[in-house]
1. Under a crude label model (7 Å from the Cα following the beta-carbon direction), how far is E432 from V62 in nanometres?
2. Whole-Å semi-axes of the chain's equivalent ellipsoid, largest first, each the root of 5 times a Cα gyration tensor eigenvalue?
3. Counting only heavy atoms of protein chains, what accessible area per residue, in Å², does the stretch 355-439 have with a probe of 1.4 Å?
4. What relative contact order, as a whole-number percentage, does the stretch 355-439 give when Cα pairs under 8 Å and 6 or more residues apart are counted?
5. Take D34, project a point 7 Å from its Cα along the Cβ direction, then tell me which residues of the stretch 93-126 have their backbone nitrogen under 18 Å from it.
6. Two-decimal Rg/Rh of the stretch 355-439 from alpha-carbon positions, Kirkwood Rh?
7. Counting other Cβ atoms within 10 Å, which trypsin sites (Lys or Arg not before Pro) in the stretch 333-387 have at most 12 and lie in a DSSP loop?
8. Can you count the Lys pairs in the chain whose Cα atoms are under 26 Å apart, with each pair 8 or more apart or on different chains?
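The values are calculated or read from the model by the stated rules, or taken from the named source; none is laboratory data. Here the structure is a predicted model, which is why all the values come from computation and not from measurement. Here Cβ is always computed from backbone atoms with ideal geometry, including for glycine, and neighbour counts include all displayed protein chains. Side chains included, ligands, DNA and RNA excluded: accessible areas come from the protein's heavy atoms. Shrake-Rupley method; radii C 1.70, N 1.55, O 1.52, S 1.80 Å.
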Amino acid sequence: MAAERGRSGTRNVGVGIIGWGTIGCGVIRLLREDADRLAERLGARVELRGVADLDHDRRREVRVPRSLLTRDARALIADPAIDVVVELMGGLEPARRFVLEALAAGKAVVTANKALLAHHGREIFAAAERANVGFGFEASVGGGIPIIRTLREALGSDTHRAVFGIVNGTSNFILSTMAAEGRGFAEVLAEAQRAGLAEADPTYDVDGIDAAHKLALLAQLAFGVALPLDAVHAEGIRRIDAIDMEYAREFGFAIKLLALARDHGGEIEARVQPAMIPATDPLASVNGAFNAICLQSAALGRTLYYGQGAGMMPTATAVVADVLDVARDRMRGGPRLPPLGYPLAHQRRARVRPTGALSAEYYLRIAVRDVPGVLGAIAGHLGRAGVSIASVVQRAGRVGKGVPVVIRTHAAPEKDLRRALARVAALETVLEPPVAIRIENTSG
Ligand code: HSE
């Protein structure tokens, strides 16, 4: 079958998919419904020749003939009729092993697996370069937004200073629903889980881990550096409360889970944190499960990429675009570009700027017992750590166990703020660890 020739005389392309989940269904649907259009673009037909998944019985949105189904991913990889292996199973192992086996067998590989690439990217990119085959991972960041291609190709001409934005749809859905409806985190998360918008185990999404995986990839592409995952500082959104949304609005901000990497002349800052950003910043209007990524580049200036960052069909468009690309590479006899857009041997080791060294203004919310002297004690700890207070608000009303005191600080190094907050948290009159949200200067 692999030797069949298309109308143009070019060998048709055999695709095997590992992982018959939501994205797999979208890819199968696109390959089927758009088969003629894809063949016209490529000059060869893209044929689904195998689907590997352990579960053949669960009901899915898209059916697959029994003859194409297998439980044996390794048999699919070894099948000579399959030219392109699409890994959509997720997770680290056995996905890593399958991807490396496929590359070693000379197959082109397409994956949506950001966790895999954030943890094992170096090994996998090196294997793809060694095998001299196409390797696509557009779907791993921003779903259907072509940000990998943009960094790898379109803007390969420019020097990027910063890449930042909203790269986790689940947490953005939760935060924007909280802001719009004045509801708490736990309630909105539970509703999103019931509606299938958030995973039963939401850890990766709401604790900033998924966004950190994506940021590690974006920084490698943008700055040409190796960025190990543990160099990306990750914080999530669990402690954000509806009252923080109200104060943010009052101060002229929106709260977003911001992933940000900046190149300070060879020293890289990379962090995922809930942040207050100006309500006038375009990122503040990115709501629901949408993603948006902003690039700050030396020659081009600022560009913004916006669209659906997750979901079956948006993500499938990215996967199928990669299938077309790696199929073209195959017809050409080798990839046009290395996986990262530059040879791995040219990748520099990143010097990482510790988050403690970064200065910012902060919004603090501290739940206190409403007794005399509490404000003075808090102000004392902040002052002794060198953190200057810009304003204090205390209104009637309770949040959780106490009365909220809201403080805005002037710019201070994060390590000084953390030192002060550890002391504040230890006060007998302070009822919960303080919530600290960085006020981000997104125009800088
Ligand atoms: N869990 C991810 C999100 C899916 O919520 O954005 C796409 O990577």
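1. 4.3 nm
2. Details: eigenvalues 415, 107, 60 Å².
Equivalent ellipsoid of the chain: 46, 23, 17 Å, largest first.
3. Numbers: 3740 Å² over 85 residues.
Result: 44 Å² per residue.
4. Details: 170 pairs, mean separation 40.1, N = 85.
It comes to 47 percent, rounded to a whole number.
5. 110-112
6. On the way: Rg = 11.9 Å, Rh = 12.6 Å.
Across the stretch 355-439, the Cα-based Rg/Rh ratio is 0.94.
7. Numbers: sites: R336, R348, R349, R351, R365, R369, R384; in loops: R336, R369.
Answer by residue number: R336.
8. Numbers: K107/K214; K114/K214; K114/K256; K214/K256; K214/K415; K256/K401; K256/K415.
Taking the chain as the scope, the lysine pair count is 7.
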